[in-house]
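Quick notes on the structure that follows.
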Amino acid sequence: MSGILSTTLRGLDSDSYCDLTLYRDQKFQGTNKIQEKALKTSSTLYVGNLSFHTTEEQIHELFSKCGDVKRIIMGLDNVKKTPCGFCFVDYYTRAEAEHCMRYINGTRLDGRIIRTDWDAGFKEGRQFGRGKTGGQVRDEYRTDYDVGRGGFGKIAQMQKPNQQTVM
């Protein structure tokens, strides 16, 4: 009986909602060890799968339910300077960011299921999409039609402009 209880209590030491994922920023300036340490102490979150039409005000309204938001940095298309489906949310404390990871990750915002992940800390220039066409790489190769993310993927649009129809 005590073995079951100690195993259960040991499980309470871990918070899977706040654990680090396998994602790492490939352009991080420093070693993986330094990046991991920054991720474990950061109060900045990456928010993905946003609609291109989601406003900063909508993001602030949702994310302020978990704590005081220090700032929001909208992800922008590198060419058009329009929103491209991601942002960074910076909280004042790690505890507030952890609340967000527990309660907001996987919820709906503007009709889309958003995802949150730890970020090592925003640095100027990271707000721009890294895709060849200015937006996010994941949107360039998408073959499905997604009105919230600009329709078909940009490369798919260029390859078969006359063959794509919306059902």
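Every number here is computed from the coordinates shown, using simple stated rules; none is lab data. Since the structure is predicted, the reported quantities are computational estimates derived from the model, not experimental observations.
The C-alpha atoms of region 57-103 occupy a region whose extents along the principal axes are 36, 17, 17 Å, arranged from largest to smallest. For region 35-89, dividing the convex hull volume of the Cα atoms by the residue count gives 93 Å³ per residue.
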